Amino acid sequence: MTTMTHRDGVTLLNDLMGWLDSASTGPEIRVEECDEGDRHVIRADLPGADPVKDIEVTLEDGMLRLRGRRPADGETRHPSFERFVSCPPGTKADEVIAEYVDGVLTVSVPTTEPVAPQAIPVTYGEPPVD
């Protein structure tokens with residue numbers, strides 16, 4: 001089952017920035033996010049992109065950064081995109097899968113079950129006597 005999600009404010013900010021960029025730079029690159037089973041999946045349409053020169057995927061401090069550009073037909077401008085996706089705590093780069101097939105970049109990250117809130121007791125003692 002596939003479920004469309006917006007995980008956090010970072011995704012909303014990315015959508016807004018993409019909209020603003022598309023207004024000034026030309027055609028927008030379509031990017032979608034969804035959960036598939038135990039993975040969070042991000043797909044970007046990048047037909048004609050060279051996966052070695054035009055696509056970059058990095059993981060740093062729990063944030064996945066996707067950058068890419070799609071060659072424009074006969075234009076000097078190249079539509080580009082940049083997305084940040086927060087990853088579950090402890091996500092390692094070797095758990096992230098990035099593939100470029102038939103003009104589509106697909107990146108998937110493992111999801112984790114939400115941790116239930118736990119109460120933390122507050123200790124107290126007698127105030128010091130002056």
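Derivation of every value follows stated rules applied to the coordinates shown; laboratory data play no part. Everything numeric here is computed off the predicted structure, so don't read it as measured data. When we count neighbours, we look across all protein chains shown, and the Cβ atoms used for this are built from the backbone with ideal geometry, even at glycine.
Output the peptides 41-47, 59-65 sorted from most to least packed, where packing is the average of other Cβ atoms within 10 Å over each peptide's residues. Don't skip to the answer; put the middle values down first.
Numbers: 41-47: 17.7, 59-65: 12.9.
Going from most to least packed, we get 41-47, 59-65.
So for the pair Ile120, Met63, with labels modelled 7 Å out along Cα→Cβ, what separation do we get in nm?
2.4 nm
Check Leu46: other-chain or 5+ apart residues with amide H under 5 Å from its amide H, H built from backbone geometry?
Val104, Leu105
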